[in-house]
Structure formats: C-alpha cells, structure tokens
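To start, I am sharing the structure in question, which I have written as structure tokens.
The values are calculated or read from the model by the stated rules, or taken from the named source; none is laboratory data. The structure presented is a predicted model; accordingly, all values stated were derived computationally and were not measured. Don't worry about glycine lacking a Cβ; one is built from the backbone with ideal geometry, like all the others, and counts go over all protein chains shown. Side chains included, ligands, DNA and RNA excluded: accessible areas come from the protein's heavy atoms. Shrake-Rupley method; radii C 1.70, N 1.55, O 1.52, S 1.80 Å.
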Amino acid sequence: MKEFLNRILNHEELTREETKNILIGITQSKYSTEQVTALLTGLQMRGITVDELLGFRDGILETGIPVPLKCDRYIDVVGTGGDRKNTFNISTTSCFVIAGAGYKVAKHGNYSATSVSGASNVIANHGVKFTDDLDQLNRCINEVGIVYLHAQLFARAMKFVGPIRKALPFPTFFNLLGPIVNPSQPQCQLLGVATLDQMRLYSNVYQKIGIDYGIVNSIDGYDEISLTGNFKVTTNDYERIFAPADLGFNIAKPEELKGGATEEEAKQIFDAVLENRAQLAQKNIVLANAAFGIQVLEKGQKSIEECIEIARESIDSGRALKTFKKFVELNS
C-alpha cells in the first residue's frame, strides 16, 4: 500500500488489476484505517482514471454476491446522487413506468445519503422486504417485469469502508462506484450524472464494459433530466443537447421537483405519479427519463418521441401502477 500511495502522490496511474487487488485487500483487512483513508483522499485529490475505477468495480463484484437473472435484456435506471437537489424519486418511478410498458428492469439502489428519500426508502415504505434469494429475484423480474436489488445485501466490500467514508467531509470514488456495481450486471443502463466531467468518465467506463447506455445531465446541475432547462444526453449512438421544448414539454420549476421534507411526502409524490394524479411537471419529468431508458433498451431504433408515447401509455393506461402493485404484493 505504501508503494501505491507514493505512486498516487507522484500522479502516477494504477492498473485495473492493481485497484482490483487493493479492493479485495480492503475486504481482507490487509490495510490499516489510516492507509485506506490516505488512499481515498489521494485518489480524490488526484482524480480517478477509467481503469482504476473499473478495477475497483471488478473487486466489488468479485467479493460481492452475484445475481444471475434468467432474463435476456433488462435495464437499470440510476443517478450518481450527490447533486444536493433533494428531488423526488425520479429514477425509481421511471423504472416502474418502463416495466409497465412491457420492458424488463433490474433496479439497483440504496437508502438515501444526501436526499430525504432514496430508492430503498421509498420502496421499503410501501412494505417491501428486501431479499437476496435468487429464486425470488428471478420470479420477480419474470412475473412482474421488475426486480429491486438493495445494494447492502450484495456489495459486501462497502461495509469495510463505511466508517471511513462517513468520517471524511468529501465524496470519494466509492460514490462513483454505486451506479456500476449492479450485481446482476445489466446489459443496458440509463445513468444520470451531476457534471459533464462525470459524463465523460462514465462514457469511457461503459464503452470498456461494453453495454448499451445513455447518460444524462441537466446543464443546471441535476443528475437526471429535470426539464428545468437544457440537458445533455450521450449514448452509444449520439451526443446531443436537448431543450424541454424539443420533447414537447414546458420548462419545469425547481420547486416542482422537490421530494418533500419527509419520507412520507416523497412516498406520496411517487404514488401520485404512478396513479396519474401528479402535477404535470412531475409526470413530464418521469416521462422524459423513462423515455430515454426505453430508447436505450431499443438500441436507439425508436425516436425519442415514440419512446415518450410508450412511457405515457404506461402511466395513462394504469399499467405502471398495476406493475408496482404486483411488485409490492410479491415482495411484502
């Protein structure tokens, strides 16, 4: 570890194999708390490379519990978090809209770190019990169209660095790992990032992993399509800046995205969207995010306008709500 730390201080890069072995070493308690703290701090100051991030990902997946799903093609919709905007559960709601439209979804999530309600909060508040039982997980994605993977049940490595991460006053590269360590390793992903630097980083990561992806960033700093202004999308096929009007939507106000002051308020907004009685801006934001997810699943073969209509039909027909109710019933 001393050698690795010296190289980081000298702005040298570590290899993918080296960072994988470091992560495995952390789970084997090979390094002192001080050394791991120095590693996290040094990489945060220097900036992490694509191969270094992929190596840490390899280590987390190797030391964690895999989730082989008997399903051909499915997507995860997730944000990096940390944009400090406290939006409602846009990604999670979008997942149920996508599943309601007949696609398969393996949503990976956790309790909130920076907002009132994370994916695990809003799902648990409906009475859902998290599980790592493979038969149950496979039954869920095949019978309902969507499965939820609560991160803490699968990524064993995270508990080894939890106290250090809490003690540090800044985010570390572990914050970047969350979106790319889904234990089912989906073939498709829609990722929301808070900065264009992160967009470039993940674009290179996805190209090396070799999956179909879409990465979105709202220019005003949201890690999802907020419709509060222009947003950028990059996929396997294109890179483009959109305005809300390009999708037929009005500009949303920041207060219309708020997730509320309590978990109960966040739950109410989530329910309102699926029940098709939410504010128009809330519904439109979910439609926009779900639509780009659908486009990724369709390998870019459908226009974004077609994908918006598919998402709209999922809500308007009640299929998104029916999918969620069936999901809760199966997992309670």
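Distance in nm between label sites at Leu196 and Glu305, each 7 Å beyond Cα in the beta-carbon direction?
Distance between the two pseudo-spin positions: 2.8 nm.
Here's a follow-up. I need the shape label for the chain. Rule: rounded when a/c is under 1.5, else prolate if a/b > b/c, else oblate, with a, b, c from the alpha carbon gyration tensor.
Prolate.
Which of the trypsin sites (Lys or Arg not before Pro) found in the range 67-129 are in a DSSP loop and have at most 13 neighbouring Cβ atoms, other than their own, within 10 Å?
Here the trypsin sites (Lys or Arg not before Pro) that fit, given the DSSP loop and packing criteria, are Lys70, Arg73, Arg84, Lys129.
Sequence gap at least 6, Cα distance under 8 Å: using those rules, report the relative contact order of the range 59-165 to the nearest whole percent.
Reported as a whole number, the value is 33 percent.
Rounded to a whole number, what % of the accessible area of the range 169-274 do carbon and sulfur atoms account for, probe 1.4 Å?
C and S fraction of accessible area: 49 percent.
On a full-extension model of 0.36 nm per residue, what is the gain between Glu275 and Phe130, subtracting their alpha-carbon distance, rounded to one decimal in nm?
49.8 nm
How high is the FRET efficiency from Lys2 to Leu168, r the C-beta distance, R0 22 Å, rounded to 0.05?
Taking R0 as 22 Å, the efficiency between Lys2 and Leu168 is 0.60.
Hand me the trypsin sites (Lys or Arg not before Pro) from the range 155-212 located in a DSSP loop with no more than 14 other Cβ atoms within 10 Å, in residue order please.
Answer in residue order: Arg156.
Working out 0.36 nm times the residue gap between Tyr238 and Leu9, then minus their Cα-Cα distance, what length gain in nm do you get to one decimal?
Length gained, Tyr238 through Leu9: 78.8 nm.
Next question, about the same structure. Roughly what % of DSSP beta bridges within the chain run antiparallel, to the nearest 5?
Bridges in the chain that DSSP calls antiparallel: roughly 40 percent.
Hey, could you pull the Cα Rg and Dmax for the range 1-119, both in Å?
17.9, 52
Residue separation times 0.36 nm, minus the C-alpha to C-alpha distance between Lys253 and Leu153: what's the value?
32.3 nm
Quick one: accessible surface of Val205, probe radius 1.4 Å, all protein chains present, in square angstrom to the nearest 10.
Here the accessible area works out near 0 Å².
Check the range 13-132 and count each lysine pair with an alpha-carbon distance under 24 angstrom, considering only pairs eight or more places apart or from different chains.
Here the count comes out as 7.
The range 152-248: which chymotrypsin sites (Phe, Trp or Tyr not before Pro) are DSSP loop and have at most 13 other beta-carbon atoms within 10 angstrom?
Answer in residue order: Tyr238.
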